Amino acid sequence: MTGIVDDIVASNWSFIYAAYGVTWVVILGYLVRLVRAGARANADYARLVPGAGGEGAR
Amino acid sequence: MPAPDRSLDARPARPPRTSPWMGVAAILVLAATQAYSISTSPAEGDMGHLQKIMYVHVPAAWMTFLAFFVVLVFSVKYLWKGREDDDLVAASAAEVGATLNGLTLVLGMIWGRPAWGVWWVWDARLTSTLVLFLIFAGYLALRAFVDDEQQRARWSAAVGAIGAINVPIVYMSVKWWRTLHQPPSSPATLDPAYTMGLRINAFALLFVMIFFIRKRYEIARLERAAEHAAEAAALGAP
Amino acid sequence: MKRNRVIAALVVMAGVFGWLLFGGLEKNVVFFLTPKELLAKGTDGVGVAVRLGGQVKPGSVQWDAKTLDLRFTVTDGAREMAVRSTGAPPQMFRDGMGVIVEGRVGAGGVFEATNLMVKHSNEYRAPKPGEEAHEKYKTLIKQTGP
């Protein structure tokens, strides 16, 4: 019975690539989200908290 | 319930920052463990190379459980102590957990189509995992919806703590009920070649998850500190 | 804008929870019946939509690649049931494999499947030379319900 549809087995790799691809889209996507949220929060903090990092100070 | 800790107001020093290099390192380690396990693990007897989806699907599921366990601990801690920081840790873990939960579902569908022949079925495991996702999507929606900080923290701590109860239900669903999804594998049911790949990928994703939660928490604290400063400035202005 | 999206999300979630509470999950907690359980229903089990699960009885598979007609027998060790399906099965389908079919029992007692799913075990083994591969599926199907 093995090999009823051999071409499906050949296409298994597309599912494997899809799984790893989705994983990296989610992980890198979340990373980008964090970087952007971090940059925004930094800017707000520097603007609103005087002396703690405003005007280019770190 | 004790009054919320407003210590951030009294401490305008910049909240600490985790080095971004920790994230870079975690992500590189994950890439390395994936490359290692894809290239070394042999084709499985029944499903051939499809078994390799295990190295992303199973760690994603485990880390989902772990992230929601963090939500449970810090939600309970918030309800007990009322510390703002605990609310922010719970929220950060919930966001990362919900992301991993969604990833687990999508990866399961991608695996299910070639292995089982269907993208999705409403068996107890898949359904309870979707319910878990919806609960924490609701948790995040609740946080976006409620403006009052204390009210938001209290409500979301309740939702987070109760929602996390679903985690053991998801885990046990394949043992309690008859499902299409198979019961959990163990070292006894896995060839050593697969066990090793699964473990290193789980540890790598654990590091990524820890980095994500820490970073999310630090950003949340920074946002909160800025908000408090803005409030204080508005109150202090003539 | 943000609120509308939140409200839409909450409505979807409420809908799913409602569906789960009113019948959906209850019906699916026992995702499939074994041949023994389905046969025990007698005529009540005939003609109604149901899921049947078990092992593909070794040696029972007949596949006609021209007409896409697939016939096999599902067994739970105690009782067995003939199944007729159309179309190519999932790649892991073969003798001794766990399987779940959706459909209904026809008048002749043959299960007419509209959907065929392969149920994998929690075992993952690299094939060894001369290994008898399908022994493990004997313990695949839980005999007891919830």
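Where a number appears in this text, it was derived from the coordinates with a stated rule and is not lab data. What you see is a predicted model; the values in this text were computed from it and never measured. When we count neighbours, we look across all protein chains shown, and the Cβ atoms used for this are built from the backbone with ideal geometry, even at glycine.
222 nm [θ] for chain B, helices only, -39500 (n - 2.57) per DSSP H run of 4+, per residue, to 500? Walk me through the numbers on the way to the answer.
On the way: 8 runs with 180 residues, N = 238.
Here the helix-only value at 222 nm equals -26500 deg cm²/dmol.
What fraction, in whole percent, of alpha-carbon pairs in the stretch B:154-238 exceed 18 Å separation?
On the way: 2619 of 3570 pairs.
Roughly 73 percent, rounded to a whole number.
Using R₀ = 35 Å, calculate the FRET efficiency as 1/(1 + (r/R₀)^6) where r is the Cβ-Cβ separation of B:Tyr36 and B:Ile169; round to 0.05. Before the final figure, lay out the partial values.
Values: r = 34 Å, r/R0 = 0.97.
According to the calculation, E is roughly 0.55.
Apply 1/(1 + (r/R0)^6) to the Cβ-Cβ distance of B:His49 and B:Glu227, taking R0 = 51 Å, and write down the FRET efficiency to the nearest 0.05.
On the way: r = 50 Å, r/R0 = 0.99.
The calculated FRET efficiency here is 0.50.
For a quick check, take a GNM of chain B with Cα springs below 10 Å and name the residue from B:Ala124, B:Ala43, B:Ala94 with the largest mean-square fluctuation.
Top of the fluctuation ranking is B:Ala43.
Have a look at B:Val121, B:Val159, B:Val58 and tell me which one the Gaussian network model of chain B (Cα, springs below 10 Å) gives the largest fluctuation.
B:Val121
If R0 is 25 Å, what FRET efficiency do you get for B:Val146 and C:Val11 from their C-beta distance, rounded to 0.05? Could you put the intermediate results ahead of the total?
Numbers: r = 18 Å, r/R0 = 0.70.
Efficiency computed from Cβ-Cβ geometry: 0.90.
Could you sort B:44-50, C:89-95 so that the peptide with the highest average Cβ count within 10 Å comes first and the rest follow in order? Intermediate values should be presented prior to the final figure.
Details: B:44-50: 20.7, C:89-95: 22.4.
Sorting B:44-50, C:89-95 by mean packing, highest first, produces C:89-95, B:44-50.
Let me confirm one metric for peptide B:104-110, namely the mean number of other chain beta-carbon atoms within 10 Å of its residues' beta-carbons. The partial results should precede the final answer.
Numbers: counts 0, 0, 6, 6, 1, 4, 10.
Average neighbour count from other chains, rounded to a whole number: 4.
Please give the average number of partner chain Cβ atoms lying within 10 Å of the Cβ of each residue in B:189-196, rounded to a whole number.
Numbers: counts 6, 4, 6, 1, 3, 3, 1, 0.
Mean inter-chain Cβ contacts per residue within 10 Å come to 3.
How tilted is helix B:166-176 with respect to the longest principal axis of chain B? Cα atoms for both, answer in degrees (0 to 90, nearest 10).
For B:166-176 against chain B, the angle is about 20 degrees.
Rounded to the nearest 10 degrees, what's the angle between the helix B:54-81 long axis and the longest principal axis of chain B, both from Cα atoms, 0 to 90?
30
Could you tell me the largest-minus-smallest coordinate of the C-alpha atoms of the stretch B:13-106 on each of the three principal axes, in descending order and whole angstroms?
53, 28, 16
List, in the order given, every pair from C:Lys36/C:Lys57; B:Lys52/C:Lys66; B:Lys77/B:Lys215; B:Lys52/C:Lys57; B:Lys175/C:Lys36; C:Lys57/C:Lys119 whose Cα-Cα distance in the structure shown is over 24 Å.
B:Lys52/C:Lys66; B:Lys52/C:Lys57
Once both axes come from the Cα atoms, what is the angle between helix B:149-164 and the longest principal axis of chain B, in degrees from 0 to 90, rounded to 10?
Orientation of helix B:149-164: about 20 degrees from the principal axis.
Rounded to whole Å and sorted largest first, what semi-axes of the equivalent ellipsoid does the C-alpha gyration tensor of chain B yield via the square root of 5 times each eigenvalue?
On the way: eigenvalues 297, 89, 34 Å².
That gives 39, 21, 13 Å for the three semi-axes.
What does the structure give for B:214-227 when I average, per residue, the other chain Cβ atoms found within 10 Å of the residue Cβ? Walk me through the numbers on the way to the answer.
Values: counts 0, 6, 5, 0, 3, 10, 2, 2, 10, 7, 2, 6, 11, 3.
Mean shielding by partner chains, rounded to a whole number: 5.
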